[in-house]
Structures are given as C-alpha cells and as structure tokens.
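Here the structure is laid out as structure tokens; the discussion comes afterwards.
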Ligand code: CP
Ligand code: NVA
C-alpha cells in the first residue's frame, strides 16, 4: 500500500483496504513504541500544526508523534498567526508548503482544509473541522479492534448530535468497514440526507448497515459500542446550550443504556467529556441548568466498560501512522 503524498482530510477519500492498512501500521508503530524501539525515520523534516480551535489530545499526539519520528514541529495557536485574519488560506498554504513537509489543520469548515491541501504541495492532515474528525476515527477503530479483535459486524451506536464532525465521521468509518452504525437521537439531530445516501453506497459494498432512530431501547439493544460526544461543539454559540440539553437529555449515556447494550459493550467518547461537571465550563453549565452531568453519567465514564483513555492514547499511535504513510514509508522501517 502506498499513500505517499496523499492528504488526510476525510475517510470518504480512502478505501476500506487503505483504512485497514493505516490501522495495521498504527498497531505496528504502537508495538515499537511500547518496546522502546526508536522510529526516527524523518530526521531533518518538519511539520506545521495550525490550530484555529483549542486542543489537548490532537495537538499532543501530533507533537509527540513528530518527535518520535525525528521531526521538528511548529504549533500555531488560534491567535498567534496571520491565518484567516491578515492572510488567506491559499497564501498561508503556499508559504508553509515551502518550509514544512506536512501541515495539520484544526478549525472550522471542511472547505478550509481542502483549500489548504489544494495549495500546500505537501500532505495536509485534518485535525478536526466542523464536518469531520478523521484522525479520531482511526483511534476509535483501533481501540474497538484491540478490544473485540475485529471490526466487521460490530454494532456501534452514536448518541447525541449526529449532524456534526463526530456523528458524520463515525457513520463514514462504520459504513466503509462493514459495521452496523446507529444514530440514536432526536430526529432534529440525524445526519444530513446527502451524507446518509453516500454512506449507504459504502454500506452496500461492505455489508454495513445504517440505522437512524429516536428509540433508545431498540437503538442501543445488544450494541457492542456506545459512543457519545459533547452536546455543544467548539465554535457553536452559547445560545444553543439550553435547547441541546432539552433535546439530548433523553439520549444521555446512563447505566441503563449500557445494561441494555449488553454485558460486553464498551463505552467510547472522543473527549473532552462533561461527566462530572467539575471543570470551569462544566460547573458554569451545571449551575445554570441544575445538572450534575451531561452526555454521559460519571458512573458510566468511570466504569470498567469505559475505554476512553485507551482511545485517547491511540490518537497518538494512529496520527503517527497517518504521517508515516503520507510522508512515505521509509525503506528501513
Ligand atoms: N478528541 C479530541 O480531538 O480532543 P482534543 O480536542 O483535546 O484534541
Ligand atoms: N464535536 C466536538 C469534538 C471534540 C473532539 C467538537 O467539535 O468540539
């Protein structure tokens, strides 16, 4: 498999075989890291990390992975560069493309990361847009595969706002890989019809199924994976909190949901999560709306079924694999 020179903008651009190759590469790089084997294949190369939104996992994964691969990295924070203010994306891409061997972008519209990729002349990696979060998908799929030993036939239920980056990306990943994807949420939050239709085409090839349902009991019955995300995403206005809490509270991941899913079910969340509302924003929202948790209860989050920290660790191994594959696998690996 040769992905040298490719961008990594959404899993829609990748075949199931290419996705599985990236997962195998991730597992291999993870094993090397655990064995203490050095992987400094790209000494002399450098990457740029553009973040127009904040991050813990994605930024740290790119920085640690770059360091492990022998590369230098430059972090451009949401306020510290000319991007989007004084300078266009096309000009930024052409400047950074002259200095760096790869560019990560986290920010707003998918059209922005596509524009960056069009002009950069080096691989561009999507570190989250409003529409997609493809590096998160590799970490999630690796975590599921590590836990169950396979992906095909797994039933994954996404509860929450399924119209945004996480719901969209999970539907694409599951439909490409022959999994059973369920969006279990209020109708208002179902993924858009065009993307559902496109994913139905992938599903017809892979044996996957796609179900959209408002029924929690039927939707989560015998699930292998229960997945949720914050109810209000980065960049959304504060004004939507009240409506989201009202609409999505019936789709909170509780112990009853996990019990209905089945004994072997696991819980995943891309994180950060509002499970105990001890954080600054959590506290503010908890007091404002008289809540002790939001999308998931603390009980589920802290239970043995919760694999969220395995998942978070896998962000680093999978992001490393994306860089290795698109920068070109070294002969000596
Ligand atoms: N899951 C995820 O992307 O986390 P960060 O926002 O911390 O990068
Ligand atoms: N939907 C969330 C995902 C965070 C990783 C957001 O966009 O803020």
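On a full-extension model of 0.36 nm per residue, what is the gain between residue 288 and residue 332, subtracting their alpha-carbon distance, rounded to one decimal in nm?
Additional length available on full extension: 10.2 nm.
With a 10 Å radius around each residue's Cβ, average the other Cβ atoms per peptide and rank 324-332, 165-173, 5-13, highest first.
Ranking, from highest mean packing down: 165-173, 5-13, 324-332.
For the Cα atoms of the chain, what angle does the longest principal axis make with the long axis of helix 134-148, in degrees from 0 to 90, nearest 10?
Computed tilt is about 60 degrees.
Please give the calculated 222 nm ellipticity per residue for the chain, where each DSSP H segment of at least 4 residues contributes -39500 (n - 2.57) and the sum is spread over every residue; nearest 500 deg cm²/dmol?
Counting only the DSSP helices, I get -13500 deg cm²/dmol.
With an 8 Å Cα cut-off and a minimum separation of 6 or more residues, compute the relative contact order for the stretch 141-187 in percent.
Rounded, it is 43 percent for the stretch 141-187.
Quick check: the angle from helix 89-99's long axis to the longest principal axis of the chain, C-alpha only, nearest 10 degrees?
It works out to around 50 degrees.
What ranking, highest mean first, results for peptides 215-226, 131-142 when packing means the other Cβ atoms within 10 Å averaged over each residue?
Result, highest mean Cβ count within 10 Å first: 131-142, 215-226.
Hey, for a label at residue 32 modelled as a point 7 Å past Cα toward Cβ, could you say which residues of the stretch 45-68 have their backbone N under 17 Å away?
45-46, 62-68
Expressed as a rounded percentage, what relative contact order does the chain have, with Cα pairs under 8 Å and six or more residues apart?
Reported relative contact order: 20 percent.
What is the fewest-to-most order of 105, 150, 189, 164 by other Cβ atoms lying within 10 Å of their Cβ?
Exposure proxy ranking, most exposed first: 150, 164, 189, 105.
Please arrange 174, 199 by counting, for each residue, the other beta carbons lying within 10 Å of its beta carbon, fewest first.
199, 174
Can you give the angle from 0 to 90° between the axis of helix 280-289 and the longest principal axis of the chain, with both taken from C-alpha atoms, to the nearest 10?
With both axes taken from Cα atoms, the answer is about 30 degrees.
By the gyration tensor of its Cα atoms, with a ≥ b ≥ c the square roots of the eigenvalues, what is the shape of the stretch 141-206: rounded for a/c under 1.5, prolate for a/b over b/c, or oblate?
oblate
Work out how much length residue 187 to residue 2 would gain on full extension: take 0.36 nm times their residue separation and subtract the Cα-Cα distance, in nm to one decimal.
Here the segment from residue 187 to residue 2 would lengthen by 62.5 nm.
Quote the relative contact order of the stretch 40-131 in percent (integer), defining contacts as alpha-carbon pairs under 8 Å separated by 6+ residues.
32 percent
Given the Cα-Cα distance of residue 13 and residue 213 and 0.36 nm per residue of separation, how much length would full extension add, in nm?
Gain on extension, residue 13 to residue 213, equals 69.3 nm.
Each value in this text was obtained by applying a stated rule to the coordinates, not by laboratory testing. Here the structure is a predicted model, which is why all the values come from computation and not from measurement. Neighbour counts are summed over all protein chains in view; Cβ atoms, including those assigned to glycine, are modelled from backbone coordinates with ideal geometry.
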